[in-house]
Amino acid sequence: MGKLHLFPEQASTFAPEVDLLLLFMTAVTVFFSLLIFAAIFYFAIKYRRKSANELPHVTHTGYTLEILWSVIPFGITMVMFTWGAAVFFNIARPPKDSIQIYVVGKQWMWKLEHMEGRREINELHVPVGRPVRLTMASEDVIHSFFIPAFRTKQDVVPGKYSTVWFQATKPGKYHLFCAEYCGTNHSGMIGWVYVMEPADYENWLSGGASEGTLAQNGQKLFEALACVNCHKVDHTGRCPSLEGVYGSTVKLVGGNTVKADEAYIRESILNPQAKIVAGYEPVMPTFQGLVTEDQVLQLIEYVRSIGPKPVPNAAAPNSPAPADNRTPAGAAPAKR
Ligand code: CUA
């Protein structure tokens, strides 16, 4: 006889936190449900009508009682709120040193891409004990990326990037689901997460590196799509140079500014007229329909790879990075 599993395994740093909060809320709910039902039965019997001509007598408001049954539940719900918010903020904020993995959901599969270039479908390999940040996009409809053993669930919405992070605590194999009904084969949009020892993970990563890193593939695309003809490195092109742009604040026509993050770069590829950089003409055509979400992610990785490099602690924060640090990601230029 198998054991009855009420809860999935606890395999991430979030799992105990989330379970404890759930346990607390369940305990409070059970306690008050029992209390209220017991009171209903007790009062129904105690104050039942004992004879046909008995009249109810008037009672006056008990202020002490009213204050107590307002203040105590308020206190309890505020405990739930602050505790829940603390857990939520923790889940919403990936640590700086997280491993970055890209996820694209489409009817009906999960496509996952590691920075080093390995790609997988409906499988995700991650190392144990390291924070992993997922940046997720959808090619078509809303999906939801759900790993019960990690207590991680995040909607993946077309037209934007959603992020989620986790840190696995136990090597093993865990279920991965789509948790948002997304059409006929929604129930088949499932897979496995493999949590590996760090050394095994490194081995696994290097096993499929022949396709090039994400950033290298992005650079090849950047050349193949002829982006490079306008976005010239030496600022002589018709479009802004993209070196050092990632993460910076970009001035726009009309005086507004925007932070050059993933969402902004994605928008600039698919809807270039939305935000025009100050000093440039709106000449860029849209690449909507010409590039897939995977390719957009590769292009973003390329732009990130030629962005500002992390400045060593000793250097002044606003001193520019040395020029030789700014070589593009791909060592060899792509041939077409
Ligand atoms: Cu994708 Cu349900």
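The values are calculated or read from the model by the stated rules, or taken from the named source; none is laboratory data. The structure displayed is predicted, hence computed values, not measured ones. Note that each Cβ is placed from the backbone with ideal geometry, even for glycine, and that neighbours are counted across all protein chains shown. Calculation scope for accessible area: heavy atoms of the full protein, side chains included, ligands and nucleic acids excluded. Shrake-Rupley method; radii C 1.70, N 1.55, O 1.52, S 1.80 Å.
Residue check, A226 against (1) open to solvent by less than 70 Å² (accessible area, probe 1.4 Å); (2) modelled with pLDDT of 90 or more; (3) more than 16 Å from the ligand (Cβ to nearest atom), all met but one. Which one?
If we test A226 against (1) open to solvent by less than 70 Å² (accessible area, probe 1.4 Å); (2) modelled with pLDDT of 90 or more; (3) more than 16 Å from the ligand (Cβ to nearest atom), just (2) comes out false.
Could you list all residues from segment 79-120 that are within 16 Å of the ligand (Cβ to nearest atom), in a loop (DSSP other than H, G, I, E, B) and out of contact with any Asp or Glu (no Cβ under 9 Å at 6 or more places or on another chain)?
W108
Residue-by-condition table, conditions (1) touching a strand residue (DSSP E or B) at 6+ places or on another chain (Cβ under 9 Å); (2) farther than 30 Å from G183 by Cβ:
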position	(1), (2)
T26	no, yes
F31	no, yes
I36	no, yes
I99	yes, yes
W110	yes, no
N122	yes, no
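Applying the selection to segment 3-42, what residues are of a type in the set (S, T, N, Q) and in contact (Cβ under 8 Å) with a residue 12 or more places away in the chain?
Listed by number, the residues that qualify are Q10, S12, T13.
Quick one: how many residues across segment 121-145 are within 12 Å of the ligand (Cβ to nearest atom) and closer than 18 Å to T169 by Cβ?
0
Filter segment 121-167 down to the residues that are β-branched (V, I, T), under 16 Å from the mean Cα position of the chain (by Cα) and not in a strand (DSSP E or B) and list them by number.
Within segment 121-167, I142, V157 meet the criteria.
Could you list all residues from segment 146-164 that are closer than 14 Å to V18 by Cβ and either away from the ligand (no atom under 16 Å from the Cβ) or without any contact (Cβ under 8 Å) to a residue 12 or more places away in the chain (or both)?
Matches in segment 146-164: A149, F150, R151.
When the residues of segment 176-200 are filtered to those that are more than 20 Å from I101 (Cα to Cα) and assigned to a loop (DSSP other than H, G, I, E, B), which remaining residue is nearest to the ligand (Cβ to nearest atom)?
Looking at the filtered set, the residue picked out is C182.
Is there a residue being within 16 Å of the ligand (Cβ to nearest atom) and either aromatic (F, W, Y) or under 22 Å from E301 (Cβ atoms) (or both) anywhere in segment 165-175?
Within segment 165-175 (the criterion being within 16 Å of the ligand (Cβ to nearest atom) and either aromatic (F, W, Y) or under 22 Å from E301 (Cβ atoms) (or both)), the answer is no, since none of the residues qualifies.
Could you check segment 73-100 and list, in sequence order, the residues that are open to solvent by 90 Å² or more (accessible area, probe 1.4 Å) and closer than 19 Å to V28 by Cα?
F74, F81
So, in segment 252-281, how many residues would count as being free of Cβ contacts under 8 Å to residues at least 60 places away in the same chain and surrounded by 13 or more Cβ atoms within 10 Å (Cβ to Cβ)?
Residues that pass the stated criteria total 19.
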